[in-house]
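Have a look at the structure below, then the notes.
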Amino acid sequence: MIEHHVRVHPSADRLPREEQLAWKLAAVATGTGTGTGTGTGTGTGTEELDPAGVSMAVNRVIDNAAVAVASLLRRPVAVARAQALAHRGAPGARVFGSPTRVSPEWAAWANGTAVRELDFHDTYLAADYSHPGDNIPPLLAVAQHTGRSGADLLRGIVAAYEVHVALVRGICLHAHRIDHVAHLSAATACGLGALLRLPTATVYQAVQQAVHTTTATRQSRKGEISSWKAFAPAFAGKAAIEAVDRAMRGETSPSPVYEGEDGFLAWLLDGPQSDYTVLLPAPGEPRRAILDTYTKEHSAEYQAQAIIDLARRLREKAGPLEKVRSVVLHTSHHTHHVIGSGSGDPQKYDPTASRETLDHSIPYILAVALEDGAWHHERSYAPERAQRPETVTLWQKITTVEDPEWTARYHDPDPARRAFGGRVVITLDDGTVIEDELGVADAHPAGARPFDRPAYERKFRTLAEGVVSPADQDRFLSAAADLADLDAFGLDRLFPAVDTEAVRAFDALLPKGLF
């Protein structure tokens, strides 16, 4: 790996573009290395992709489709789909739930929302947070629109993950309350550059435009969390496609977007004294960052994954839950302050809160998991479930505290020691104390049951049940497995067949908008 140091430069420095972070990211995507160069030629991408990385990319295509089809009849997804279907395009790209082809940026918008709505696909946590699977919808849309192959798509996915993971490892956004999609848009622009084999100079301009236009605050994940949490990554993907289009037409961008004295670092992150280190692969080094990411077995914020698994284990030990006096989760700074009682958000204890808010309430999630010994992407969030009197009583007894040990484990540089769980201490009315801990979710690569291809396929079949026929499930999984060999027309097979009449009937109930 190559260490690239990123700091603020006065305009008078005239920092060469080849020394700017945006250029370095673009060079990784186009396969031209991270050194200097004119960048005027067409990038080659990474021709020999790591087989394990390619296999994991296929897993994530399956994972995305699973959660997308499960969310087709949810209102935010229907709204995004309705907006997209008003923008038909030729050749265009497919939208989950419809045979209609639309302009690629709008396909990315609709599909990105469908993938994100249930908060149920992959994750990567380091200095910042991310759902790198959010890169796939815009890449797939552009691949379809431009007639690229499955192999081209895989090249773009692997590149986007490589850049996304590098940014999340090196630059913390959340400490300054900047939403994590700012890293996503840069990664998507790079993935599109690899997919289309664009010149490094073009990708460089697109990265800067994308970052400049998708920087927003984390209020989308604070307090009364709304449906925008699902729309935000889709907006970043749409913006990245538009940025690439403008850059291909010769338009330039605010530069240097990261290092400028009025730029991203200077005014939104650590200020004029900002100094970050981003680790990027050396020329010829395998792109394997996707292997450091992980998916979810449960439809909830990632820091809740291990806690749900732990609750299943504690349920038998705790006995009748009406005898519980208190439950304390000792966990990391992030879990305590973002989804725990340390957030100070009263909504995290509100039985009438939105699904998006409950998804970011570890007290609620722990209460339901202790009662049910399971987690379901719909039933566990139903209003009648959240408002059950015994659940509310238990919920109010649950608090979180930050434990320095768990914070250190959360940020451990060694992936084998990094942990995102915690220790649960249950105190009963008679003073009996029951406790247990779990570092990583069972489905994590270091967990008890790491997700493999059969696990991804089972997740797809579970979420597609009643939506996609068994025969069409088989056809989709076969197409995904053959992704590297699919031609441009074959990419249509990555959209599982559903009852489009039922989807249209649901969409017809929506209020009308502008489009």
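The values are calculated or read from the model by the stated rules, or taken from the named source; none is laboratory data. Just so we're clear, the structure is a prediction, and the values are computed from it rather than from any experiment. Don't worry about glycine lacking a Cβ; one is built from the backbone with ideal geometry, like all the others, and counts go over all protein chains shown. Keep in mind that these areas ignore ligands, DNA and RNA; they rest on the heavy atoms of the full protein, side chains included. Shrake-Rupley method; radii C 1.70, N 1.55, O 1.52, S 1.80 Å.
The table that follows gives values for the structure above.
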| read-out | value |
| --- | --- |
| Matching residues in the stretch 47-57 - criterion: being in contact with a Leu (Cβ under 8 Å, 6 or more places away or on another chain), open to solvent by 10 Å² or more (accessible area, probe 1.4 Å) and assigned to a helix (DSSP H, G or I) | ALA52, VAL54, MET56 |
| Verdict on ILE307 being under 20 Å from the mean Cα position of the chain (by Cα) and either under 19 Å from ASP412 (Cβ atoms) or open to solvent by 30 Å² or more (accessible area, probe 1.4 Å) (or both) | yes |
| Filter result (under 30 Å from GLY422 (Cβ atoms) and either of a type in the set (Gly, Ala, Ser) or part of a strand (DSSP E or B) (or both)) within the stretch 261-303 | TYR276, THR277, VAL278, LEU279, ALA289, TYR294, SER299, ALA300 |
| Residue under evaluation ILE434, criteria (1) assigned to a strand (DSSP E or B); (2) within 16 Å of LEU310 (Cα to Cα); (3) open to solvent by 30 Å² or more (accessible area, probe 1.4 Å), criterion not met | (3) |
| In the stretch 491-515, residue nearest to HIS145 (Cα to Cα) [restricted to those that are open to solvent by less than 60 Å² (accessible area, probe 1.4 Å) and not hydrophobic (A, V, I, L, M, F, W, C)] | ASP492 |
| Selection status of ALA464, of a type in the set (Gly, Ala, Ser) and at pLDDT below 95 | no |
| Selection status of GLY271, over 30 Å from ALA369 (Cβ atoms) and either at pLDDT 95 or above or among the aromatic types (Phe, Trp, Tyr) (or both) | yes |
| Residue in the stretch 256-264 that is free of Cβ contacts under 8 Å to residues at least 60 places away in the same chain and either buried (at least 17 other Cβ atoms within 10 Å of the Cβ) or charged (D, E, K, R) (or both) present | yes |
| Residue match in the stretch 470-477 (condition: more than 22 Å from GLU378 (Cβ to Cβ), of a type outside the set (A, V, I, L, M, F, W, C) and surrounded by fewer than 16 Cβ atoms within 10 Å (Cβ to Cβ)) | yes |
| Test: HIS330 is in a strand (DSSP E or B) and open to solvent by 30 Å² or more (accessible area, probe 1.4 Å) | yes |
| Criterion violated by GLY342 - all others in (1) crowded, with 21+ Cβ neighbours inside 10 Å; (2) modelled with pLDDT of 95 or more; (3) not basic (Lys, Arg) satisfied | (1) |
| Unmet requirement for PRO283, which otherwise passes all of (1) of a type outside the set (Gly, Ala, Ser); (2) in contact with a helix residue (DSSP H, G or I) (Cβ under 7 Å, 6 or more places away or on another chain); (3) at pLDDT below 95 | (2) |
| Unmet requirement for THR462, which otherwise passes all of (1) assigned to a strand (DSSP E or B); (2) among the polar types (S, T, N, Q); (3) within 26 Å of the chain's Cα centre (by Cα) | (1) |
| Condition broken by GLU251, with the remaining ones in (1) at pLDDT below 95; (2) open to solvent by 10 Å² or more (accessible area, probe 1.4 Å) satisfied | (1) |
| Some residue of the stretch 170-185 being touching a Gly at 6+ places or on another chain (Cβ under 7 Å) and open to solvent by less than 10 Å² (accessible area, probe 1.4 Å) | no |
| Options SER98, SER71; residue that is over 18 Å from the mean Cα position of the chain (by Cα) and open to solvent by less than 20 Å² (accessible area, probe 1.4 Å) | SER98 |
| Matching residues, the stretch 356-386, being closer than 19 Å to GLY223 by Cα and open to solvent by 30 Å² or more (accessible area, probe 1.4 Å) | PRO383 |
| Near pairs, Cβ below 7 angstrom, 6+ apart or cross-chain, from the stretch 8-22 (farther than 13 Å from ALA201 by Cα) to any residue that is open to solvent by 80 Å² or more (accessible area, probe 1.4 Å) and in a helix (DSSP H, G or I) | VAL8/PRO272 |
| Given (1) small (Gly, Ala, Ser); (2) surrounded by fewer than 16 Cβ atoms within 10 Å (Cβ to Cβ); (3) at pLDDT below 95, number of the condition GLY39 does not satisfy | (2) |
| Residue within the stretch 413-422 that is on the phi > 0 side of the Ramachandran plot, part of a loop (DSSP other than H, G, I, E, B), modelled with pLDDT of 95 or more and open to solvent by less than 60 Å² (accessible area, probe 1.4 Å) present | no |
| Helices (runs of 4 or more DSSP H) completely within the stretch 166-260 that count 3 or more residues being among the β-branched types (Val, Ile, Thr) | 200-213 |
| Residue in the stretch 446-469 that is surrounded by 16 or more Cβ atoms within 10 Å (Cβ to Cβ), farther than 18 Å from ALA66 by Cβ and not charged (D, E, K, R) present | yes |
| The stretch 121-133, residues that are at pLDDT 95 or above and open to solvent by 10 Å² or more (accessible area, probe 1.4 Å) | HIS131 |
| Complete set of residues in the stretch 78-95 that are in contact with a strand residue (DSSP E or B) (Cβ under 9 Å, 6 or more places away or on another chain), in a helix (DSSP H, G or I) and either surrounded by fewer than 24 Cβ atoms within 10 Å (Cβ to Cβ) or acidic (Asp, Glu) (or both) | LEU85 |
